[in-house]
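**Q** Submitted below is the structure of interest, expressed as C-alpha cells.
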Amino acid sequence: MNRWEFIKASTFLGCSTAVLGADSISCSKRTQTKPADTGTQPKNYRISTASGAVKIMPEGILPESDTVTFGIAGNETECFQIVIRPETTVERVSVTVNDLVSGSNRISGHTWHQVGYVYISTFAGHPVPADVSGKLSGWYPDPLLTRDHAHLIENWSNSIWVTVHVPAGTPAGTYQGTVELEIGPHTETIHIEATVYGFSIPAVPSLPSLFSLALEYLAKVYPGLPTAIRKNWLDFLAERRIMPTDLYIDLQGPDGAYRITPEEYVHYNGQTNGFVIYPITVTWEDRNAPAEVLIQRFEENRGYIDAIIASGAAAGGKGVFYGFDENEPEHFDTMKAVHAHIKSRYPDIPIATTSMHIQSLAQLEALHVDILVLHITDGIYNNPFADQLRAAGKKVWGYISLQPYHPMPNWRIENALIETRVLLSAMAYHERFDGFLYWGVNQYNKGQWETPRPISRNTPLKLDMSITTPTEEYKWLHGDGLLIYPGTDGPLSSIRMENIRKGLEEYEYYKLVEAKLGKNATLELAAQVAQSMSAYTRDVQEYLKHKASLAAKLG
C-alpha cells in the first residue's frame with residue numbers, strides 16, 4: 001500500500017528495551033560531599049542519569065548516579081535525563097536548572113521538561129518481527145511535557161529531560177553547574193560538567209531538509225490558528241534546524257489561508273535550509289490529473305510563487321518545487337509535461353520528487369527533475385546510481401516514512417533513539433545524502449480520526465492521546481508522521497524530535513572535519529559508526545566517544 005492510500009485508509013486515535021547503565025551518560029558516583037540534606041526521613045527513591053539518546057522505559061532500572069558529563073560546541077544543544085524511581089507516588093518535585101560556569105564565563109537559559117507516556121496496545125502484525133521482539137503493550141516514553149513541578153509515578157523510572165544550549169562563540173573550557181531537586185523533605189543535587197569545544201557549528205544547516213508541517217491540521221487543533229500560536233510552531237521548527245513548510249498544502253483550498261508567507265520564509269532563512277515554494281501535487285489523486293489541470297493550477301498560483309522568489313528566500317537552491325509523490329511510470333508523461341512548463345517559467349528553481357522508478361540519468365533529465373529523493377529501504381537508494389546523478393549535477397536525497405524496517409534506522413516508537421542521531425549525522429554523511437525529507441511532523445488526520453485537544457500544562461504523564469494508526473493492517477504502527485504534540489500554547493516536543501535535532505547538529509561535525517581533512521578522510525571517519533544504511537552502531541557510548549574524537553580533530 002502506498003503512503004497516501006495508507007493515510008486515506010487509516011484513522012488516528014486517541015526499543016528499545018529497558019535502558020541499563022551502558023547507555024547512560026554517567027554511571028559513576030561522584031566522591032565529592034554533597035550539601036547537607038534537609039530531610040531526616042529515609043529516602044525511598046533512587047536517582048540515575050542518562051543520555052538523551054536512550055529511551056528510559058518505566059520498568060528500566062539504571063545504576064545510581066548524580067553526575068552528568070558531556071561535550072558540546074557553540075550553537076549546539078545537548079539533552080540529558082535525570083531518572084527518579086520512587087517507591088511511592090510523589091506529587092511535587094521542584095526542579096531548578098542552574099547556570100553553567102567556567103571562571104567569569106556563564107551559560108544560562110537551560111530548560112527542563114518531564115517525559116510523558118503514550119499507550120501502545122500491540123505490536124502484532126509488524127512486518128519485521130525482529131524489530132519488536134520482546135516489546136510488550138504498555139506505556140512508552142515520548143512527549144516532553146511542560147510542568148510547574150515534576151510528578152513521580154511510584155515504581156516507575158520517571159525521566160526529567162534537561163536541555164542545554166551553548167551560544168555560538170562561547171569561550172572553550174570546562175563548565176560546571178547543577179540541577180537541584182526538592183523531593184519531599186530531601187534536597188538532591190545533580191552535578192553537570194560540560195566541556196565546551198573551541199568551535200561553533202553553523203547557524204544555517206549544511207544538510208538541506210524538508211519536514212512537512214501540515215498547516216491544515218494545526219488550524220483544526222487551534223481554530224483560526226491564532227498568530228501567537230502559529231509563530232510558536234514556526235519558531236519551534238526553526239530552532240530545530242528545520243524550515244516550517246507544507247509539502248502538501250492546497251493553496252486554493254481552505255488551508256491555503258494558512259500558507260507560509262514570503263516574509264516568514266525570509267525571517268527563518270538564517271536558521272534553516274530548504275522549503276517548498278509550491279507543491280505541484282497536493283493529493284495522491286493529483287498524479288492522475290491531466291497535465292493541463294496541474295499546469296492551470298500552477299499558473300493560478302504564480303502570484304504567490306513570484307512573491308517568494310522576489311523576496312530572495314529561494315536563492316541558492318533553498319526553495320524547491322515538489323510533487324508527484326512516489327508516482328508510478330504511468331504518470332511520467334504527465335510529470336514530464338508539467339515539469340517542462342514549470343521550467344519554462346522558472347528555469348533556475350530545482351524540481352524535487354520522491355519517484356522511485358527513475359532508473360537513469362537520461363530519464364531524470366527527460367522528466368526535468370533536479371532533486372531525486374530516494375527511500376532508504378529495499379535497495380531503492382543506490383549509491384553508485386546516486387553518485388552518477390551527482391556527477392551530472394543532480395542532487396540525491398534520502399527519506400523515510402513508515403519504512404524502512406530493521407536493520408535500517410527509523411524513528412517509530414520501537415526504534416532506539418540512537419538510530420535517529422546516526423541516521424542524520426554519520427549515515428547521512430557516509431551515504432552522501434544531499435538532503436533529507438520526512439512526510440509529516442503533525443499528521444493529526446489519518447482518516448476519520450477526531451482532531452486532538454491541545455495538551456495543557458501539568459497534564460497527567462499518561463497522555464489521553466495515541467500515536468497509533470488504528471487499522472487492522474497498521475495496528476502495529478506507532479508514531480509515523482507524528483513527531484510533535486499539540487500543546488495549549490504551541491508545540492510540545494518529543495524525545496524523537498529532540499534526537500532529530502541532535503542528528504542534524506552532529507552532521508555539522510563531519511562538514512567541519514571535511515573542511516579541515518578532506519572528503520575521503522571524513523568518509524572514513526563516518527564509517528567508524530555508520531558503514532552503510534544497515535550497518536551502524538547502536539551503542540550510545542561508542543557514538544558519543546566518536547563524536548568527541550571528531551571534536552578533538554577540530555580543536
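**Q** Which of the residues spanning segment 226-252 are open to solvent by 20 Å² or more (accessible area, probe 1.4 Å) and of a type outside the set (A, V, I, L, M, F, W, C)?
**A** The answer is Pro226, Thr227, Arg230, Lys231, Asn232, Asp235, Glu239, Arg240, Tyr248, Asp250, Gln252.
**Q** Please verify whether Gly312 is open to solvent by less than 10 Å² (accessible area, probe 1.4 Å) and modelled with pLDDT of 95 or more, treating the condition exactly as stated.
**A** Details: open to solvent by less than 10 Å² (accessible area, probe 1.4 Å): no; modelled with pLDDT of 95 or more: yes.
When the stated conditions are applied, Gly312 does not pass them.
**Q** Still on this model: Taking segment 174-216, which residues are buried (at least 20 other Cβ atoms within 10 Å of the Cβ) and among the aromatic types (Phe, Trp, Tyr)?
**A** Tyr175, Tyr197, Phe211
**Q** Another question about this same structure. So which residues in segment 291-300 are open to solvent by 10 Å² or more (accessible area, probe 1.4 Å) and either more than 13 Å from Gln252 (Cβ to Cβ) or not acidic (Asp, Glu) (or both)? Even if it seems obvious, please write down each step before you answer.
**A** Just the residues of segment 291-300 that are open to solvent by 10 Å² or more (accessible area, probe 1.4 Å), to begin with: 291-293, 295-297, 299-300.
Result: Ala291, Glu292, Val293, Ile295, Gln296, Arg297.
**Q** Starting from segment 259-274, take each residue that is under 11 Å from Lys318 (Cβ atoms) and open to solvent by 50 Å² or more (accessible area, probe 1.4 Å) and list its partners that are at pLDDT 95 or above and of a type outside the set (Phe, Trp, Tyr), counting only C-beta distances under 8 angstrom and pairs at least six apart or across chains.
**A** Close Cβ pairs (under 8 Å, with a partner that is at pLDDT 95 or above and of a type outside the set (Phe, Trp, Tyr)) amount to Val266/Ser311; Val266/Gly312; Val266/Ala313.
**Q** Also: Taking Val118 as meeting all but one of (1) touching a strand residue (DSSP E or B) at 6+ places or on another chain (Cβ under 7 Å); (2) more than 30 Å from Glu472 (Cβ to Cβ), write down the number of the exception.
**A** For Val118, the failing item is (2).
**Q** Could you tell me how many of the residues in segment 384-395 are of a type in the set (S, T, N, Q) and surrounded by fewer than 14 Cβ atoms within 10 Å (Cβ to Cβ)?
**A** Going through segment 384-395, the residues of a type in the set (S, T, N, Q) turn out to be 388.
Among the residues that remain, those that are also surrounded by fewer than 14 Cβ atoms within 10 Å (Cβ to Cβ) are: none.
Residues that pass the stated criteria total 0.
**Q** Looking at (1) outside any loop (DSSP other than H, G, I, E, B); (2) open to solvent by 10 Å² or more (accessible area, probe 1.4 Å), which is the one condition that is false for Tyr405?
**A** If we test Tyr405 against (1) outside any loop (DSSP other than H, G, I, E, B); (2) open to solvent by 10 Å² or more (accessible area, probe 1.4 Å), just (1) comes out false.
**Q** When you look at Gln363, is it open to solvent by 10 Å² or more (accessible area, probe 1.4 Å) and either closer than 30 Å to His406 by Cβ or in contact with a Pro (Cβ under 6 Å, 6 or more places away or on another chain) (or both), yes or no?
**A** Working: open to solvent by 10 Å² or more (accessible area, probe 1.4 Å): yes; either closer than 30 Å to His406 by Cβ or in contact with a Pro (Cβ under 6 Å, 6 or more places away or on another chain) (or both): no.
Considered against the rule, which asks whether it is open to solvent by 10 Å² or more (accessible area, probe 1.4 Å) and either closer than 30 Å to His406 by Cβ or in contact with a Pro (Cβ under 6 Å, 6 or more places away or on another chain) (or both), Gln363 comes out as no.
**Q** Something else about it: Does Tyr485 qualify as being of a type in the set (Ser, Thr, Tyr) and out of contact with any strand residue (DSSP E or B) (no Cβ under 6 Å at 6 or more places or on another chain)? Break it down into steps so the answer makes sense when it comes.
**A** Details: of a type in the set (Ser, Thr, Tyr): yes; out of contact with any strand residue (DSSP E or B) (no Cβ under 6 Å at 6 or more places or on another chain): no.
Considered against the rule, which asks whether it is of a type in the set (Ser, Thr, Tyr) and out of contact with any strand residue (DSSP E or B) (no Cβ under 6 Å at 6 or more places or on another chain), Tyr485 comes out as no.
**Q** Going by what's in this entry, would Tyr278 be described as over 24 Å from Met335 (Cβ atoms) and within 28 Å of the chain's Cα centre (by Cα)? Walk me through how you get there before you give the answer.
**A** Numbers: over 24 Å from Met335 (Cβ atoms): no; within 28 Å of the chain's Cα centre (by Cα): yes.
No, not satisfied.
**Q** Picking from Gly503, Gly518, which residue would you name as being open to solvent by less than 40 Å² (accessible area, probe 1.4 Å), among the small types (Gly, Ala, Ser) and within 30 Å of Thr146 (Cβ to Cβ)? Even if it seems obvious, please write down each step before you answer.
**A** Values: Gly518 fails: within 30 Å of Thr146 (Cβ to Cβ).
The match here is Gly503.
**Q** So how many residues does segment 531-553 have that are among the small types (Gly, Ala, Ser), open to solvent by 40 Å² or more (accessible area, probe 1.4 Å) and more than 14 Å from His430 (Cα to Cα)?
**A** Adding up the residues that qualify gives 3.
**Q** Please specify each residue of segment 219-255 satisfying the condition of being among the charged types (D, E, K, R) and modelled with pLDDT under 95. Spell out how you get there, then give the answer.
**A** Taking segment 219-255 and keeping what is among the charged types (D, E, K, R), we get 220, 230-231, 235, 239-241, 246, 250, 255.
Within segment 219-255, Lys220, Asp255 qualify.
**Q** Name the one entry in Gly274, Gly256, Gly224, Gly270 that is in contact with a strand residue (DSSP E or B) (Cβ under 6 Å, 6 or more places away or on another chain) and not polar (S, T, N, Q). Walk me through how you get there before you give the answer.
**A** On the way: Gly256 fails: in contact with a strand residue (DSSP E or B) (Cβ under 6 Å, 6 or more places away or on another chain); Gly224 fails: in contact with a strand residue (DSSP E or B) (Cβ under 6 Å, 6 or more places away or on another chain); Gly270 fails: in contact with a strand residue (DSSP E or B) (Cβ under 6 Å, 6 or more places away or on another chain).
The unique qualifying residue is Gly274.
**Q** Now for a different question. Do any helices (runs of 4 or more DSSP H) entirely within segment 257-338 hold 1 or more residues that are basic (Lys, Arg), and if so, which?
**A** Details: elements: 262-268, 291-300, 302-311.
Qualifying helices (runs of 4 or more DSSP H): 291-300, 302-311.
**Q** State whether one or more residues within segment 2-23 are touching a Ser or Thr at 6+ places or on another chain (Cβ under 7 Å), at pLDDT below 50, buried (at least 21 other Cβ atoms within 10 Å of the Cβ) and polar (S, T, N, Q).
**A** Checked against the condition, which is being touching a Ser or Thr at 6+ places or on another chain (Cβ under 7 Å), at pLDDT below 50, buried (at least 21 other Cβ atoms within 10 Å of the Cβ) and polar (S, T, N, Q), segment 2-23 yields at least one hit.
**Q** Do we find a residue being open to solvent by 30 Å² or more (accessible area, probe 1.4 Å) and either under 30 Å from Thr122 (Cβ atoms) or modelled with pLDDT under 95 (or both) anywhere in segment 346-353?
**A** Taking segment 346-353 and keeping what is open to solvent by 30 Å² or more (accessible area, probe 1.4 Å), we get 347-348.
With either under 30 Å from Thr122 (Cβ atoms) or modelled with pLDDT under 95 (or both) added as a condition, the list becomes none.
No, segment 346-353 contains no residue that is open to solvent by 30 Å² or more (accessible area, probe 1.4 Å) and either under 30 Å from Thr122 (Cβ atoms) or modelled with pLDDT under 95 (or both).
The values are calculated or read from the model by the stated rules, or taken from the named source; none is laboratory data. The shown structure was predicted, so the numbers you read here are calculated from the model rather than taken from an experiment. Please note: Cβ atoms are built from the backbone with ideal geometry, for glycine as well, and neighbour counts cover all protein chains shown. Accessible surface areas use protein heavy atoms only, side chains included; no ligands, DNA or RNA. Shrake-Rupley method; radii C 1.70, N 1.55, O 1.52, S 1.80 Å.
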